Each structure stands twice: as C-alpha cells, then as structure tokens.
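Each remark here refers to the structure printed beneath this line.
The values are calculated or read from the model by the stated rules, or taken from the named source; none is laboratory data. What you are looking at is a predicted structure, and each value in this text was computed from that prediction instead of being measured. Ideal geometry is used to build each Cβ from the backbone, glycine not excepted, and the neighbour counts take in all protein chains shown.
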C-alpha cells in the first residue's frame, strides 16, 4: 500500500477570523524568554524580530494570500503557531499602542486615512504536535528563512520539556539528529549559567541569534576536550552531565568568553584536533595555575540555572573613584580610564591600566618611605619590584586578603604586558574588564590608606 503524502491544505481547514480574536503564542520558540502578556510578546517581536519591517511591507503591498497564519484551538482560543509577526503587525495597525513606544507613534501616523485589516483567513491545525512537525519541515529543512542551529535546538528541546521523549522526537522528525540538538541546548544552558562571565559577554550568550554555538560545538565534541573538562554525553539522548565546582566554572567561562569575543575561533584555535588540545590545555593552565578541573562530582546540565543579564557596564573604572595620592599624573590617568571608550579602544585601555597600576604603587610606596631600590641595570624600578615589596610589607601586617590579590595580579599581569610586547596578542573588551576587576581591590586599599593618613594629619 502506497504511503499518502501529507496535504496540509486538505487536512487543515481554512477559517476567517477577526485579528482581535487571534492570540499570540506564549510558547513561540522565536522568543528569547517567557512573557507574561501579549504586550510583552509584541514588544519582543518588534524590538528583536523585525516586526516593524513586516508591518511596513503589509502597509505598502498588502496582506498576501499565501501568508495565512497557522493556528490551533486551545482552551477555546485561536493560538497563532506560525505567523506571529504578521499577526502582531496587523494588531498594531488596529491598536498602535501595543507596539513599543518608538514605533507606536509612527504606526499611528501611517494609519491616518487608512482602514486596517480586521479579518484574515487562517489555517487551523488539528493539533499543536502536528503543527510542530510542519514548522520543523518549514524552518529547519527548507530555504525559507531557516532557523539558526541554536533556535532549532530550542525548538526540539521545548517539546522534550513538554513530555515528548527523545525516542518519540526521533521517530517524528526523520533525518534530524535530535540527540545533537538536545546536547546543544544543554551546553548553551550551561554557558548561560556560568558565574565568571562579564555582563556584556553574558548578554551575547543569551541571544540565540548572536551566540556562535557551532564554534562551541566544535570544541565540546572533541574527545580530549570532553576528558579535560569532565563532560559526559548520553549517546542515546544527548543529555549532558558536567562538574559542579568552581574550577569548571572558571575554565568554561574563559572558553565561552573567548568564543564570544573572537579570541578563539574555528579558524584560529579550533580547526584541528591538535589546535583544540593546545587551546584547552593553555586555558586550564592559565586559569587554574597548573591545576586540573575536579571532575569527581557531576550533575545534569538541565539543572544549571541561567543567570540573568544585568545592567550594562558604562565605564571601565567607576566615576566614584577618587585619587587620594598627591600625584596629578595619577589623577589624570584615572580620569582618562574613567572616560575612555574602552569597548572601542580595549588596547589603549589595557595599556593605560598597566601604567595606572605601576604609577599608583610606586607613589604609595614612595610616600610610605618604602620604595624598593633598583635591582636591575639602568636604575629602574619595575612593576614586579613594587608588587613584591607591597606583598612583603602587607604580609608582615597580616593583610592576607590583599596579599592574595597581589599574588593574583602577579599571575595574570602577563596579559597586560603581552599587549605591549607581543605582536600576536591583542586586547578584547572582557579581558580588560577582568584586568580592572582584579586590580580594583588593591587600588581601593591604597586610596583608603592614603585617605586615613590625610585625615590623621
């Protein structure tokens, strides 16, 4: 018996429905986060999914007959499964206030003298599951605005979360490597949960349209990398288990940050097996100072909780910082660091940051009559000299916390120095932020000590 090819036009009846009676889908896989109201969904679709472009096209050219949305009847409501951007555009023409403020006034002005579309034809799917099969075929296997790999992963994982087993999904979506998408989703979820991630990097990780998941996939698919990081994959389901300690978080945070910043790319670091081995070894050695990741205790990647993106960092050094050293040159450098567009000029910021650290330490030790004598030819006192002197003096005063900070600065200052001397090393935004965050407690300590001495006088 011949197998019947699915004909959705016959299977899904066509209905004419008022635009106001259509409901946007709260489970729309296109959306980055869960929303509480239709207005929130509308805002997301306009701000992040180019709904305004769709609206302008409908305004100029009309609503085409081949653009009927697909809906499903759930709880006596018509839920839009395919065509949310078209529907929200029509809704905004009827009610401009549902659009973000930056678009609402423009839409209102556009619609002056025009009658909005109030009714459209829709196709009514027999079930959400069947509609998902249709959406998969349309967006993951054809050339009609295909979803990114990460969006596809979220599409399939959403159905797993709704109770569909991986076996069932593999049976439904023939030819699709479902375990690979489950693995991809869970590794992205882990990336969003990392604690040692700068906020600007975290924002890009959370954006499924921006984050380069395929580069990360190339890395985590490597057997050597899996062994070094302690990553285990279930071959049948694709589910992931990983270490739950700080050492893993620090290393994987660096890996993900390097990928987002373009420090580690498929071409530069990850194209060949030997390249990946060298890269992961170098990261672990640098971040953990020669130690290895503790891989004894692991948990499921699905248990990792994503950390929300916080407010944007406006300046490298907070404007509240006030130099208490009697040194105009240091005050000027501090002012420049507070006002420099470090995201556009990270190399300049890194170079200035190292200068600021060295000048601040030297002036503080000079005022304390503790400046070390030159130990090298030429009579120069180097950054290492003043760091060692500070560490030694503070150790005697039992200032162990600051001593630890100095040790961390000594272990990581190679990066700031390499930017000066190594033609193959360049600064990136998040590494400059990390450098300042590391230096900041020591500078605060120095400025506070100087303030105390000034008050005592």
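Search region 211-255 for residues being out of contact with any helix residue (DSSP H, G or I) (no Cβ under 7 Å at 6 or more places or on another chain) and under 18 Å from residue 306 (Cα atoms), and hand back the single one that is surrounded by the fewest Cβ atoms within 10 Å (Cβ to Cβ). Per the criteria, the residue is 246.
Scanning region 341-355 for residues that are without any contact (Cβ under 8 Å) to a residue 60 or more places away in the chain and closer than 16 Å to residue 329 by Cβ yields a total of 2. Out of everything in region 256-285 that is under 19 Å from the mean Cα position of the chain (by Cα) and surrounded by fewer than 21 Cβ atoms within 10 Å (Cβ to Cβ), what residue ends up being nearest to residue 415 (Cα to Cα)? Per the stated criteria, the residue is 263. Of all residues in region 256-277, those satisfying the criterion of being outside any loop (DSSP other than H, G, I, E, B) and out of contact with any helix residue (DSSP H, G or I) (no Cβ under 8 Å at 6 or more places or on another chain) are 274, 275. Could we say that residue 160 is surrounded by 19 or more Cβ atoms within 10 Å (Cβ to Cβ) and either without any contact (Cβ under 8 Å) to a residue 24 or more places away in the chain or within 24 Å of residue 435 (Cβ to Cβ) (or both) here? Answer is yes for this residue.
For region 408-457, the set of residues classified as outside any helix (DSSP H, G or I) and either in contact with a strand residue (DSSP E or B) (Cβ under 9 Å, 6 or more places away or on another chain) or under 17 Å from residue 197 (Cα atoms) (or both) consists of 427, 428, listed by residue number. Residue selection: residue 144 satisfies the criterion of being surrounded by fewer than 16 Cβ atoms within 10 Å (Cβ to Cβ) and at pLDDT below 85. Can you say whether residue 10 is surrounded by fewer than 16 Cβ atoms within 10 Å (Cβ to Cβ), in a helix (DSSP H, G or I) and modelled with pLDDT under 80, as far as the supplied structure shows? Here the answer is yes, as residue 10 does meet what is asked.
Can you confirm whether region 198-212 contains a residue that is over 12 Å from the mean Cα position of the chain (by Cα) and either more than 23 Å from residue 157 (Cα to Cα) or modelled with pLDDT under 90 (or both)? No; the residues of region 198-212 include none that is over 12 Å from the mean Cα position of the chain (by Cα) and either more than 23 Å from residue 157 (Cα to Cα) or modelled with pLDDT under 90 (or both). Give the residues of region 98-119 that are under 19 Å from residue 49 (Cβ atoms) and surrounded by 12 or more Cβ atoms within 10 Å (Cβ to Cβ), sorted by residue number. Passing the criteria: 98, 99, 100, 103, 104, 106, 107.
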